[in-house]
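The values are calculated or read from the model by the stated rules, or taken from the named source; none is laboratory data. In this text, all values refer to a predicted model and were calculated from it rather than measured experimentally. Cβ placement follows ideal geometry from the backbone for every residue including glycine, while neighbour counts extend to all protein chains displayed. These area figures cover heavy atoms from the full protein model, side chains too; ligands, DNA and RNA do not enter into them. Shrake-Rupley method; radii C 1.70, N 1.55, O 1.52, S 1.80 Å.
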Amino acid sequence: MLSENRIERGFNFLLLSRAVRSGALSFSAIAYPLYLKILGFSNLYVGFLTGFVVVFTVIQTMILGVLGDRIGYKYSMIIGEIFPLISTAVLFFVTSGPLIYLSVIGGIAGGPGGMRGAFSPGSTALVAKNWKEPNDRVKKLGLMTTVGSIFAVVGGVMVISRSDVSSFVGNAGSYRTLFGISFLLVLISFISLFLVAERKSEKKKTGFVGKGSVRHIGKTVFANAFNGAGIGISMPILSLWFSEMYPSSTTTTIGIVFTISYISTAIGSYISSIYRKRGEKAAKIGSYGRMLQGLLMIPLALSPYFYIAGIFYIFRAGIAGFGLPSRSNINVSGLKEGDYGAGTGLQASAARIAQTTSGASGALMDVYLPLPEIAGGIIQFLAGVAYYDLFARKKKPEVDEIIQRPSDK
């Protein structure tokens, strides 16, 4: 039986893993589409490749989620860390040929953001297993997002420094060098996960998810898929969109905007971790957050100036950081123990599958540059409305329940 002190010490290593992982993946998410462009890929092809990144991430999330219910979430996270190690290694060593396509297996694209590295298959399930009380879960999930967002700044600084590095090793060489640093950061994350503690429980041996979890999973899958469709169109090639929409922008200025957005996400997540939310209030925060995130994409898309668009994005990142811990807790609160891995895997996979709309984002850019951000924003706003209806709206009690209720209560 693990002591509470051992569980808490293990959480510190989980935070270390999330910190260095965020530094690596925040850089990769911004740099991946820009690097592919330098290698000669068209906007359309960059969109398709980021779509394949999402497909591989979905497959891994589902397999690792189910595996975590059987072997432990700590070990499913360790296995999952092997894939970004492969991707970053490929991007460091390879510049052309078929091997470059191996980069899609690591989940290193899919949209920049301070939460990119904070979560991986098994992380939310492990928190749910180690901490049963909802406020404790929200606090831990908020701290994960906060730490991940703070250290995502490292990735932003790497993007900003790319132009200086290029003066020594060339344009493409600068990306390769920084992908090599990303590989080392992911390696530290991989090693740290071995020191994470996980409570012992009876491992699931058969079945996929229990009947008690099915209804809740259905609701969250629908909500996440709806939101994922909007994210997929607007976010995975956002760095490329900035460079195309605002020709005066540079890798450095784009990196500055994303770096500040990571700090904004960290602030939002920290506030969320210390703000005690219960029941319906948490659901309202999650739904209003999604609505506002979607609405902010529209003025961002239509802004005539890069820095005004950047301010909208930074504010949006703070809203995202504040709402995520509440939604993550709601996602696991309706699951039975033993279904955490498969349940969160299904929830995350629904969002990821929907994000294959990223394959259309490059084509929409070629039609009208603001279009992918406008379309993605509208879809995410509607996803927030759907989330409110599913989790925050008060349901009318059934007639027979009213009759059976004691009159003196």
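Summary table
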read-out	value
The chain: most fluctuating residue of Pro372, Pro134, Pro121 per GNM, C-alpha cutoff 10 Å	Pro134
Asp164 versus Ile308: modelled label distance in nm, points set 7 Å from Cα along the beta carbon direction	3.2
Lys281/Ser248 FRET efficiency (R0 30 Å; Cβ-Cβ; nearest 0.05)	0.10
Accessible carbon and sulfur surface of the stretch 269-396 relative to its total accessible area, %, 1.4 Å	68
Flagged links, alpha-carbon separation over 32 Å, of Lys211/Lys281; Lys37/Lys139; Lys139/Lys219; Lys139/Lys336; Lys139/Lys211; Lys129/Lys281	Lys37/Lys139
Gain in span if fully extended, Ser333 to Val94, counting 0.36 nm per residue against the direct Cα distance	81.7 nm
Computed FRET value (nearest 0.05) for Lys211 with Lys132, which takes r as the C-beta separation and R₀ as 30 Å	0.90
Extended-chain gain in nm, criterion 0.36 nm per residue less alpha-carbon gap, Val55 and Ile82	8.0 nm
Average accessible surface area per residue within the stretch 287-383, 1.4 Å rolling probe, Å²	35
Accessible surface ranking that places the most exposed of Tyr35, Tyr101 first, with a 1.4 angstrom probe	Tyr101, Tyr35
Whole-percent carbon and sulfur share, accessible surface of the stretch 142-250, 1.4 Å	69
Length gained when the stretch Ile63-Ile271 is fully extended (0.36 nm per residue, less Cα-Cα span)	71.5 nm
Span from the the stretch 137-159 Cα centroid across to the the stretch 245-314 one, whole angstrom	14
Dipole magnitude (debye, nearest 20) for the chain, charges at Cβ of Lys, Arg, Asp, Glu	1200
Axial C-alpha extent at least 27 Å, average Kyte-Doolittle at least 0.0 - helices from the chain (DSSP)	4-38, 43-71, 134-169, 171-192, 211-234, 251-274, 279-302, 306-333
Paramagnetic reach from Ala172 in the stretch 68-100 [backbone N under 20 Å; point 7 Å along Cα→Cβ]	87-100
Label zone at Val367, where the point sits 7 Å out along the Cα-to-Cβ direction: the stretch 51-67 residues whose backbone N lies under 14 Å	none
Listed residues Phe11, Phe312 arranged by accessible area, highest first, probe 1.4 Å	Phe312, Phe11
